[in-house]
Amino acid sequence: MTKGDISVGQRDEVRKLGFLLIDDFALMSFASAIEPFRAANVLAGRSLYEWVAIGVHRNGAAASAGLLVQTQHLVGADLDLDTLFVCAGGNPAEFADEATLQWLRRLARRGVRIGGVSGGPFILARAGLLDGHRCTIHWEHVPAFRESFPQLTLRCSLYEIDRDRLTCAGGIAALDMMHALIAAEQGRVLADKVSDWFLQTDIRLGTGAQRRSLQERYDTANAHLLTALELIEGHVERPMKRRALAQAAGISVRQLERLFAHHLDTTLDGHYREVRLERARTLLRQTAMPIAEVGLASGFQSASHFSRQFKERFGHAPLQERPIKVKTKIRSGRVDR
């Protein structure tokens with residue numbers, strides 16, 4: 001983060017924050033986002049931050065763990081805010097409440113800084129608030145986000161602070177982003193104290209990776225295999241040929257097959273197919289793309305072949321993977337009813 005990313009404000013002013021909680025939000029992400037500001041107040045011995053919880057419905061907001069969080073205001077309220085964070089989880093691609101989207105746009109026009117946590121960036125993108133800004137989102141939502149908003153500059157980072165837009169991948173990454181905000185607004189000494197308060201001994205930069213490395217995920221240090229795994233994950237829509245994969249990994253196809261069998265207990269084709277089917281499953285759950293398009297986006301050349309492979313792997317047809325709520329067709333960030 002540079003000084004151009006966020007302005008350093010007057011440290012004696014109380015900053016007013018809003019947290020818009022979308023049903024199925026993750027408590028971990030919400031707590032990681034709000035608790036650093038409480039700690040800053042306690043450690044500073046005065047009120048540096050004030051906050052309110054905002055809901056879409058009058059009966060509060062339901063977290064993914066089933067707990068109901070009481071909210072003080074409803075979407076549409078005329079609130080005096082410096083920053084609003086949208087906290088969402090579950091399947092944010094389903095959220096298309098126009099009243100909420102319009103309210104977010106009004107706040108942005110008034111100069112309120114807008115942030116999204118975990119699945120929150122999906123809702124910001126749906127409102128058109130991320131156009132021309134860097135952004136990030138939880139890795140689980142990346143495939144659906146890219147399909148829905150191909151025009152946006154998405155980075156698979158922990159958090160992004162780009163002028164008046166703040167996006168965070170969620171989970172404990174919110175602690176890292178809030179450390180950066182508190183450091184910019186109140187000074188690094190207090191921000192470091194807040195991190196110590198939460199036993200956060202490793203403060204990560206926004207550019208950090210969201211997931212463990214391939215080496216850790218697959219428990220292998222074989223450079224040839226890791227090269228192939230990276231290429232497979234990066235070429236889902238247009239799968240690479242076996243020979244091209246082996247060539248890029250610097251070994252023969254037979255040697256590469258042996259590595260997959262020895263280290264992953266599967267075949268090269270079997271692993272590639274698994275990666276593509278998991279991508280398809282994510283798109284089915286988080287977008288309203290036609291099933292044939294989901295198949296194409298996952299590297300299958302025909303709908304019939306895709307359906308057969310999917311049913312063989314998961315035991316049911318692709319249509320049965322669809323959540324009941326997905327009834328709208330989403331294309332390039334617009335919802336067509």
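Bear in mind these aren't lab numbers, they're just calculated from the coordinates by the rules spelled out. Just so we're clear, the structure is a prediction, and the values are computed from it rather than from any experiment. Quick reminder, even Gly has a Cβ in these numbers, built from the backbone with ideal geometry, and neighbours come from all protein chains shown.
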Exposure proxy order (Cβ contacts within 10 Å, fewest to most) of 156, 135: 156, 135
Exposure proxy order (Cβ contacts within 10 Å, fewest to most) of 159, 272: 272, 159
Sparse-neighbourhood loop sites, trypsin sites (Lys or Arg not before Pro) in the stretch 26-100 - DSSP loop, at most 14 other Cβ within 10 angstrom: 46, 58
Kirkwood Rh and Cα Rg combined as Rg/Rh, the stretch 1-122: 0.96
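Quick one: divide the alpha-carbon radius of gyration of the stretch 15-197 by 2.2 N^0.38 Å and tell me what you get. Don't jump to the answer; show the numbers that get you there.
On the way: Rg = 15.2 Å, N = 183, 2.2 N^0.38 = 15.9 Å.
Working it through for the stretch 15-197, the quotient is 0.95.
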Crossing angle, helix 173-186 versus the chain [Cα axis fit, 0-90 degrees, rounded to tens]: 30 degrees
Distance between modelled label sites at residue 320 and residue 77, nm, 7 Å Cα→Cβ extension: 4.5 nm
13 Å Cα-Cα reach of residue 311 towards aspartates and glutamates, excluding residues that sit fewer than 8 places from it in its own chain: 274, 278, 321
Rg to Rh, two decimals, where the chain supplies the alpha carbon set and Rh follows Kirkwood: 1.01
Counting DSSP beta bridges with both ends in the chain, the antiparallel % (nearest 5): 25 percent
Anchor residue 241: aspartates and glutamates whose Cα lies under 15 Å away (excluding residues fewer than 8 positions away in-chain): 230, 233, 257, 269
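If you take the beta carbon distance between residue 16 and residue 151 as r and set R0 to 30 Å, what does 1/(1 + (r/R0)^6) give as a FRET efficiency, to the nearest 0.05? Before the final figure, lay out each step's value.
On the way: r = 32 Å, r/R0 = 1.07.
Efficiency at R0 = 30 Å is approximately 0.40.
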The stretch 97-205: trypsin sites (Lys or Arg not before Pro) in DSSP coil with no more than 13 other Cβ atoms inside 10 Å: 110, 163
GluC sites (Glu not before Pro) lying in DSSP loop within the stretch 189-250, provided at most 10 other Cβ fall within 10 Å: none
Sequence of 269, 202 once ranked by neighbouring C-beta atoms within 10 Å, starting from the fewest: 202, 269
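Report, in deg cm²/dmol and to the nearest 500, the calculated mean residue ellipticity at 222 nm for the chain, where each DSSP H run with n ≥ 4 adds -39500 (n - 2.57) and the sum is divided by the residue count. Mind showing how you got there, number by number?
Values: 13 runs with 138 residues, N = 337.
That comes out to -12500 deg cm²/dmol.
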Fully extended contour minus Cα-Cα distance, from residue 27 to residue 292, at 0.36 nm per residue: 91.9 nm
